[in-house]
Amino acid sequence: MLKGAITAIVTPFKNGALDEDAYRQLIEFQIQGGIHGIVPCGTTGESATLSHAEHKRVVEACIDQVKKRVPVIAGTGSNNTAEALELTKHAEAAGADYALMITPYYNKPTQEGLYQHYKTICSQTKIPIVVYNVPSRTSVNLLPETVARLMDFPNIVGIKEATGDLKQCSKVVQLCGDRIALISGDDFTVLPLLAIGGQGVISVVSNVVPGDMAAMCNAFFAGKLEEARKLHYKMWPLMEAMFYETNPAPAKTALKLLGKITGEVRQPLCPMSTANEDKLRQVMVKYGLI
């Protein structure tokens, strides 16, 4: 079962193209920091603006660089079921350990439509799948009762819950028990989600502080709740800073300030405002990062 701190890693660009050298160095930074898994081509990886060729290359490069040291959970979702199936089959063939599949966005499918979407992909692949529920980006909420229906498919093994709704997350645990790994999709709610039966987080802030996010999860699972709580509040200002503007612009800016990448994002995202970048820098200085 998936467990611990998993980074939704950014995709670095240089002059508009994938900067594969910087990407591989970021992966090493994550693994050396003690992270428990890596997600290439998630929302934070700007999957929505990658070409299919780039998407596949980013997944392949991650798998190659990680070399099975931690699980690779490849983002393969789409609002087009056929496209999601193609990307999932590619991730499976490339050797990813899991696929992360967002609920179809923009189309606003019904609960039955969501069930049929995952059914189609599960019936044609064997890779373990983590479904991803983030209504703020997709305009559709995968309800706990539908998650329970998805237990019909043995390759559905986890759910990344980014509703921020602990009542809904509790209902998922109540209905599904240990048949599914409940993973937080919000850095702010990791600790409370662990307390109600969650298994970890797919994190944005761990792009910058992988060691602290991993340590918080480790502390919780070791029963060291006060240590976990201290790390939660230590990271809190940085968590807030990661959302001064739309993710992943702040995360990429923070990594730029650390000298790791150029910080480029793809349109329609744009660079952070000077005022917000200055605020982010101040948080990083206070944190001791720069």
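The values are calculated or read from the model by the stated rules, or taken from the named source; none is laboratory data. Note that the structure is a prediction, hence the values are computed from the model and not measured. Counting neighbours? That spans all protein chains shown, and the Cβs are built from the backbone with ideal geometry, glycine included.
Every condition in (1) under 26 Å from Ala181 (Cα atoms); (2) touching an Asp or Glu at 6+ places or on another chain (Cβ under 8 Å) is met by Pro12 except one, and the failing one is (1). Within region 99-138, the residues that satisfy the criterion of being hydroxyl-bearing (Ser, Thr, Tyr), closer than 20 Å to Gly185 by Cα and either in a helix (DSSP H, G or I) or within 18 Å of the chain's Cα centre (by Cα) (or both) are Thr103, Tyr105, Tyr118, Tyr132, Ser136, Thr138.
Of the candidates Ile129, Ile102, the single residue that is among the β-branched types (Val, Ile, Thr), modelled with pLDDT of 95 or more, buried (at least 18 other Cβ atoms within 10 Å of the Cβ) and farther than 25 Å from Glu20 by Cβ is Ile129. State yes or no: is Ile35 of a type outside the set (Asp, Glu), over 30 Å from Arg149 (Cβ atoms) and touching a Ser or Thr at 6+ places or on another chain (Cβ under 7 Å)? Judged against the criteria, Ile35 is a match.
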